[in-house]
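All remarks here apply to the structure that follows.
The values are calculated or read from the model by the stated rules, or taken from the named source; none is laboratory data. Just so we're clear, the structure is a prediction, and the values are computed from it rather than from any experiment. Cβ coordinates were reconstructed from backbone atoms using ideal geometry, including for glycine residues, and neighbour counts include every protein chain displayed. With ligands, DNA and RNA removed, areas are computed over all heavy atoms of the protein, side chains included. Shrake-Rupley method; radii C 1.70, N 1.55, O 1.52, S 1.80 Å.
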Amino acid sequence: MLKKVYASAVFGVEASTVTVEVNVDSGIGYHLVGLPDNAIKESNFRIAAALQNNGYKIPGKKIIINMSPADLRKEGSAYDLTLAVGILVATKQIQAENLEDFLIMGELSLDGNLQPIRGALPIAIKAKEEGFKGFILPVQNAKEAAIVDDIQVFGVDNIKQVIDYFDKGEALEQTIIDTKKEFEKNLDFPEFDFSDVKGQESIKRCMEIAAAGGHNIILIGPPGAGKTMLAKRLPSILPPMTIHEALETTKIHSVVGRVKANAGIMAQRPFRSPHHTISNVALVGGGSYPQPGEISLSHNGVLFLDELPEFKREVLEVMRQPLEDREVTISRAKFTVTYPSSFMLVASMNPSPSGYFNDPGAPVTSSPAEMQRYLSKVSGPLLDRIDIHIEVTPVPFEKLSEERKGESSVEIRKRVTKARDLQTKRFENSEVVHYNAQMNTKQIRKHCVLDEASKGLLKTAMERLNLSARAYDRILKVSRTIADLENHEEINGSHISEAIQYRSLDREGWLG
């Protein structure tokens, strides 16, 4: 007897429907075909134990299982439940009239309980597109899949519930979530808040400008000055994600199994902080079965690289193209996968190997040669893609011991959102540019027009501070954002002079 059960394979951030055909014939043997990996090949042991512990069995007949399309590689343990249900129905141990209406997935424990799977959201989106009425999956992933409208999602704890549903008509509880309510629930209660930061008002201002224009930023300062603390709070002042952005972000995290158990849509912007020993594949994505890297996991959020010069140079260099294109394409001989990677880069570094550059009371100082060697680890082309360079100084004791709380992230976010709304309107006819940091040369000339006084100020600054040519466009972009924060149509001298301050690394004496 032949029976068909439906599952799904995730490829990149998209899913493809897999038809599991179970054929039972006279004879003996268990044959699984259709390019399964080792995790799927081992499933017969898990299925046999799970069925036996729930009063069923794999009968001693010839069972051939084909996973179609047979030329698409299947991987992972999420097909256990699909195969088990197929075997039960094909061997007439249970009845299932409406089996073709459902997509069924889940990893089995030996007692029949279900373990969570990866990629529940892209699978649910594909199931809806293909016209399935329902999706049966582990209860831990049910909220994530229930984000998708117009498909019934049933979260189950064990295989017995699925058997009783098909064979005895016992109802399964449908998971229904209010996406909008879930989305707005944590919006005004960020985990890290700027009100926790004592002092550092100028750096907070810098962060606000970076968030408002989507500018990449690098913080330079001695150990303990608060660089990491400030960086962790940046996502809390970024504008709230749109529903589309939240779905896109949840999809990527779903593929790698990083959505929290029993959580639905990701409402908070991601913040990723990889260690400096990371490999370039882990950062950009790839592998023999390609997975998204850290830059894709920080899509629509923040990628924080702490101690930037400690990262291997080739690791930093592979980021240059994704920073420009805002997507990563991984090519292999047989396929190509593209992952989105539109993120804000926040980097921090000590000004010298010892960390105490220009500090006369420092316990250790570095020679000029050591300084140059240390700073040259960060290449010019990468710094070229960072708009704001700011020096962070340690906070004095008086500020640290103050009882007064700083301005909250929610208040700062209101100003940032207002500035972003102006930019959305400005670039409404562009598909590629959405905020100031993404402007190309043509748009800079159009939207960053300077009066004579401002031009003179910028010329003097570039000559006197020995600013490099690359700093020119960056200063204009940042000054455009400062003007947006103040709701000014035109850029004036005060905007230019503030933007000039944020180019520390371009001054002579830093990077040579």
* **strands (runs of 3 or more DSSP E) contained entirely in region 230-347, each with at least 3 residues that are closer than 30 Å to Ser195 by Cα and not aromatic (Phe, Trp, Tyr)** => 302-305
* Identify the single condition in (1) at pLDDT below 90; (2) within 16 Å of the chain's Cα centre (by Cα) that Gln321 does not satisfy, given that it satisfies every other one. => (2)
* Options Gln152, Gln161; residue that is without any contact (Cβ under 8 Å) to a residue 12 or more places away in the chain, among the polar types (S, T, N, Q), on the phi < 0 side of the Ramachandran plot and buried (at least 16 other Cβ atoms within 10 Å of the Cβ) -> Gln161
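Per-residue answers, yes or no, for (1) under 24 Å from Gly287 (Cα atoms); (2) open to solvent by less than 20 Å² (accessible area, probe 1.4 Å):
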site	(1), (2)
Lys3	no, no
Val22	no, yes
Ser26	no, no
Tyr30	no, no
Arg46	no, no
Ala50	no, yes
Pro69	yes, no
Thr82	no, yes
Asp101	no, no
* Asked: So which residues in region 58-108 are touching an Asp or Glu at 6+ places or on another chain (Cβ under 9 Å) and among the hydroxyl-bearing types (Ser, Thr, Tyr)?
  -> Ser68, Ser77, Tyr79
* Search region 428-452 for residues being of a type in the set (A, V, I, L, M, F, W, C) and closer than 15 Å to Ala483 by Cβ, and hand back the single one that is farthest from the chain's Cα centre (by Cα). => Leu450
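Between Lys128, Lys143, which is in contact (Cβ under 8 Å) with a residue 24 or more places away in the chain and among the basic types (Lys, Arg)?
Just a single option satisfies the conditions, and that option is Lys143.
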* Asked: Does region 219-229 contain any residue that is in contact with a strand residue (DSSP E or B) (Cβ under 9 Å, 6 or more places away or on another chain), modelled with pLDDT of 90 or more, in a loop (DSSP other than H, G, I, E, B) and of a type in the set (A, V, I, L, M)?
  -> no
* Asked: What number goes with the only condition from (1) open to solvent by less than 40 Å² (accessible area, probe 1.4 Å); (2) over 20 Å from the mean Cα position of the chain (by Cα); (3) at positive phi that Gly214 does not pass?
  -> (2)
* Return the only residue of Lys232, Lys251, Lys198 being open to solvent by 10 Å² or more (accessible area, probe 1.4 Å), farther than 12 Å from Ser348 by Cβ, modelled with pLDDT of 90 or more and not acidic (Asp, Glu). => Lys251
* **Single residue of region 426-448 satisfying the filter (among the basic types (Lys, Arg) and closer than 12 Å to Asp473 by Cα) that is most open to solvent (accessible area, probe 1.4 Å)** => Lys442
* Answer with yes or no whether Val410 is open to solvent by 30 Å² or more (accessible area, probe 1.4 Å) and closer than 19 Å to Asp387 by Cα. => no
* Which condition number does Lys227 fail, the rest of (1) charged (D, E, K, R); (2) buried (at least 23 other Cβ atoms within 10 Å of the Cβ); (3) farther than 30 Å from Met349 by Cα being met? -> (3)
* To do: Give the residue that is modelled with the lowest pLDDT, with candidates limited to residues of region 264-277 that are surrounded by 16 or more Cβ atoms within 10 Å (Cβ to Cβ) and out of contact with any strand residue (DSSP E or B) (no Cβ under 6 Å at 6 or more places or on another chain).
  => Gly264
* Asked: From the residues in region 286-313 that are modelled with pLDDT of 90 or more and more than 26 Å from Gly224 (Cα to Cα), which one is nearest to the chain's Cα centre (by Cα)?
  -> Leu297
* To do: Give, as residue ranges, the helices (runs of 4 or more DSSP H) completely inside region 108-190 that count at least 3 residues that are over 26 Å from the mean Cα position of the chain (by Cα).
  => 159-168
* Asked: Does Gln95 count as touching a residue at least 40 places away in the same chain (Cβ under 8 Å), assigned to a helix (DSSP H, G or I) and open to solvent by 20 Å² or more (accessible area, probe 1.4 Å)?
  -> no
* Asked: Within region 76-89, can one find any residue that is within 12 Å of Ala7 (Cα to Cα), among the charged types (D, E, K, R) and at pLDDT below 95?
  -> no
* **region 7-47 - residue that is among the hydrophobic types (A, V, I, L, M, F, W, C), under 38 Å from the mean Cα position of the chain (by Cα) and not in a strand (DSSP E or B) and, of those, modelled with the lowest pLDDT** => Val13
* Structure fact -> Of the residues in region 211-234, those that are within 14 Å of Leu303 (Cα to Cα) and out of contact with any helix residue (DSSP H, G or I) (no Cβ under 9 Å at 6 or more places or on another chain) come to Thr228, Lys232
* Does Glu402 satisfy the criteria of being surrounded by fewer than 16 Cβ atoms within 10 Å (Cβ to Cβ) and touching a residue at least 60 places away in the same chain (Cβ under 8 Å)? -> yes
